Amino acid sequence: MAAARRTTGHQGTPVSYPQPARAPLRALAAHLQVSPCDTATGPYDLVHYRQWNNPARHGAAVREVVRWRGNDRSGGQLASQHPASVVPITHDWWRPGDLYHVRLIDPFTRTEVLRQNLGINELPRVDPTEVLANLADLSTWYSPRRDGRAAALTVLADLSPLTYYPRLFDRSGRPGIAVAATSGGRRALLVLHPSTGEVLAYESAHLGLFGWRVETYLLYLSHSHATRRWWEPQALPRPAPPPRPLYSRPQQHWLLTTPLPCDTTTTQGANP
């Protein structure tokens with residue numbers, strides 16, 4: 001727990017006993033255990049995470065989010081932040097199709113699709129720190145089941161160079177394993193559950209005069225599935241059909257009328 005307490009400030013997570021990541025990640029993928037996420041049912045991926053930003057982004061130093069995401073690109077979200085803004089708690093609800101910006105639907109189902117979403121197939125090749133950042137971002141929207149997590153571990157095992165750390169603690173005190181990539185004075189650290197491979201935390205840090213200094217830290221408190229969102233709106237009335245457009249069209253019938261006779265009233269004999 002002492003290691004966990006040391007990571008709650010701006011100092012980077014302490015790590016030790018580094019080794020190449022390929023062999024341990026492949027071993028974990030081959031013997032991956034079932035998690036509570038795998039037995040939960042429902043059409044929505046449910047993700048609960050807390051994010052620390054240093055410096056604060058958009059005025060938020062700490063942000064806590066609970067998200068629901070469906071494969072029809074619908075979802076919901078409850079988010080709070082500290083310091084509290086004008087609206088300290090935000091409520092979002094997305095109808096089917098609204099979440100068009102959330103990449104492909106369920107990228108963990110196929111390895112090639114996952115590689116594409118992580119940026120591995122791009123040319124020029126994406127830096128490994130960006131790959132870990134992309135996986136951390138996907139993990140804020142998706143709760144992959146066992147096969148999806150095994151695919152992610154296999155993809156990371158083929159990514160080099162990555163460094164593996166056999167034991168550390170996240171900010172909640174949970175023990176885990178980690179993979180890290182460093183580039184240009186920046187370190188990306190992904191903390192995984194040692195038996196289920198679930199993403200527990202992600203840390204982005206830069207190298208300063210006194211070691212690694214945290215820029216962003218994501219703590220994933222829960223990955224699961226749900227049958228409904230936090231709020232399900234009542235059935236909306238069906239919108240009235242739009243008015244039929246009016247187009248000019250040729251006249252179908254010509255009305256032939258006899259001109260009215262002029263006024264034949266005579267004025268002859270009338271008094272002036």
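The values are calculated or read from the model by the stated rules, or taken from the named source; none is laboratory data. Only a predicted model underlies this, so the values are computations on that prediction, with no experimental measurement involved. Virtual Cβ from ideal backbone geometry, glycine too; neighbours counted across all protein chains shown. For the accessible areas, the whole protein counts, side chains as well, though only heavy atoms, and no ligand, DNA or RNA atoms are used. Shrake-Rupley method; radii C 1.70, N 1.55, O 1.52, S 1.80 Å.
Computed quantities for the displayed model
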quantity	calculated
Condition met for ALA157 (open to solvent by less than 20 Å² (accessible area, probe 1.4 Å) and either modelled with pLDDT of 90 or more or at positive phi (or both))	yes
Subset of region 7-26 (residues that are at pLDDT 90 or above and in a loop (DSSP other than H, G, I, E, B))	GLY12, THR13, PRO14, VAL15, SER16, TYR17, PRO18, ALA21
Residue in region 231-244 that is within 30 Å of TRP93 (Cα to Cα), at pLDDT 75 or above, open to solvent by less than 90 Å² (accessible area, probe 1.4 Å) and not in a loop (DSSP other than H, G, I, E, B) present	no
First in region 136-151 and under 12 Å from LEU46 (Cβ atoms), second anywhere and assigned to a helix (DSSP H, G or I), Cβ under 6 Å, 6 or more apart	SER143/CYS37
Where a residue in region 52-65 is closer than 21 Å to SER172 by Cβ and its partner, wherever it lies, is open to solvent by less than 60 Å² (accessible area, probe 1.4 Å) and among the basic types (Lys, Arg), with Cβ under 9 Å and at least six apart	TRP52/ARG171
ALA4 being in contact with a strand residue (DSSP E or B) (Cβ under 6 Å, 6 or more places away or on another chain), over 22 Å from THR90 (Cα atoms) and modelled with pLDDT under 90	yes
